[in-house]
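Participant: Provided herewith is a single structure, encoded as structure tokens, for subsequent inquiry.
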Amino acid sequence: MGSAENCKVTILNGTIIGRCVGTTNPNKKVCAYSAIPYASPPIRFKAPQPPQSWDQPLYATSLPNWCPQDGSSQPWVNISEDCLYLNVFTPHKVDSLLQETLPVMIWYEIRIPLQTPKKVVYKIDESLLFKQVSWGSFHSRKFFSLYSHKAAWKGLGTLGEQIFTDCSYMCNSQLTKTCKFTGFLSTGDEHASGNWGLKDQASGEAQSIRWVNENIHAFGGNARQLTIFGESAGIINGAIAQSGTSLSHWAIDKTPLTSAKIIAKRLGCPVNSNAKLVNCLREKKWETIVAEQRKFTNDCYSNLTHAVATMTPVVEPKLPGAFITEDPVKILKNGDISSKVPIMLGANKHDGSFILANMYLAKLGPEKLAENSEYMRWELVPNLLRFFRVEEDVADRHVSATVEMAYLPEVNRSSWNESMPGLVDVSTYQRYV
């Protein structure tokens, strides 16, 4: 019990060999399988395709590539658009007493390269795994993981048996300034319909949930007991949505072609033809794209203007393989929900802090506005609201005054340090609640 031979499974594509690792519970071990391909290497602005099979055993013991994102200069991070991989953690193969299949949790993550010199650090709550079969993570063209394998499996020892799967997909994270471009660019037509990151997760034969349904039984998982969860994220049985929903104002890009043209212009691509625009962008190096997207985001914070080129999910034209063809608000109003599953919604108390941090780094700090008592007292709140597209008459400040009474009561608004907690609450409630 507990040898590497125990951590050997055969799925539709071939045999996989993982490794047996310990957890925070000294009496519990799990099998960890890393960097399993759930799709073929993606083609930019195209839907994912099924993974290729392999003849020899796949040794799933190394960290997968990260999808393109800011922070890629760190020497311990391997960045590539070949990043559609998943990790599976399961107690099933190392516990001879486990006979029944176990529930499965699928995590879609935001990956943040932490400033650690020799290795990537992962975080996971120490009490998360052991009454579900698979703790897993997926890599896709949308979000990234905040976990390192060591911390992930170390946290699997205290709740009972479960399986965890975590997934990466081509990205869209305004928090980490990851490459929203490759996961969601859309021209609103057949040239680039959009939602590539969502298709990595949940559409067609190559996506992550489909992979779990077809293969998780080999790891001891019950495909009829799937729960998906993640941040900023009819084949599942439950969902946990963290930090936003499809109804959030930023969740759907209402003007995807405008967004695409803004980025294309900045990268020197033609904008008079959607076909030429997309072909030009396919030729650009991802490093160039990420760098330009970072500059654009910083410009938005510097000018205190909400990003126009948001590169979020879109309502697609009704073409084959489309993922979203109606606005989520309209779908819910009409009750057009084909499958109903339990869902848990939540947000963190300081989810909006990154907005204030970026605003400070891009404008308030460099221009010393945070030290300007008049600006802090009279202009900061109106500018913050304008960033969220809340316009008001500058002369009367009725909206700003209401916000200040609600979130900054008895606070010295001339002080950045005293005002910041209330301003973080404003940002959090406006964006996530």
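The values are calculated or read from the model by the stated rules, or taken from the named source; none is laboratory data. Note that this is a predicted model, so its numbers are computed, not measured. Cβ placement follows ideal geometry from the backbone for every residue including glycine, while neighbour counts extend to all protein chains displayed.
Participant: Taking into account only those residues within region 324-339 that are charged (D, E, K, R) and over 23 Å from the mean Cα position of the chain (by Cα), which is modelled with the lowest pLDDT?
Facilitator: ASP336
Participant: Exactly one condition in (1) among the charged types (D, E, K, R); (2) over 20 Å from GLN69 (Cα atoms); (3) at pLDDT 90 or above is not met by ARG266; state its number.
Facilitator: (2)
Participant: Quick one: in region 61-101, of everything that is aliphatic (A, V, I, L, M) and not in a loop (DSSP other than H, G, I, E, B), which residue is modelled with the lowest pLDDT?
Facilitator: VAL94
Participant: Tell me which helices (runs of 4 or more DSSP H) are completely within region 338-433 and hold 3 or more residues being surrounded by 18 or more Cβ atoms within 10 Å (Cβ to Cβ), or say none if there are none.
Facilitator: 353-359, 380-387, 398-407, 416-432
Participant: In region 18-60, how many are part of a loop (DSSP other than H, G, I, E, B) and either aliphatic (A, V, I, L, M) or closer than 30 Å to GLY188 by Cβ (or both)?
Facilitator: So the answer is 15.
Participant: Let me ask you something else. Which condition breaks for GLN49 when tested against (1) over 30 Å from LEU281 (Cα atoms); (2) surrounded by fewer than 22 Cβ atoms within 10 Å (Cβ to Cβ)?
Facilitator: It is condition (1) that GLN49 fails.
Participant: Can you report the number of residues in region 297-323 which are under 20 Å from GLY194 (Cα atoms) and crowded, with 18+ Cβ neighbours inside 10 Å?
Facilitator: Residues flagged as under 20 Å from GLY194 (Cα atoms) and crowded, with 18+ Cβ neighbours inside 10 Å within region 297-323 amount to 10.
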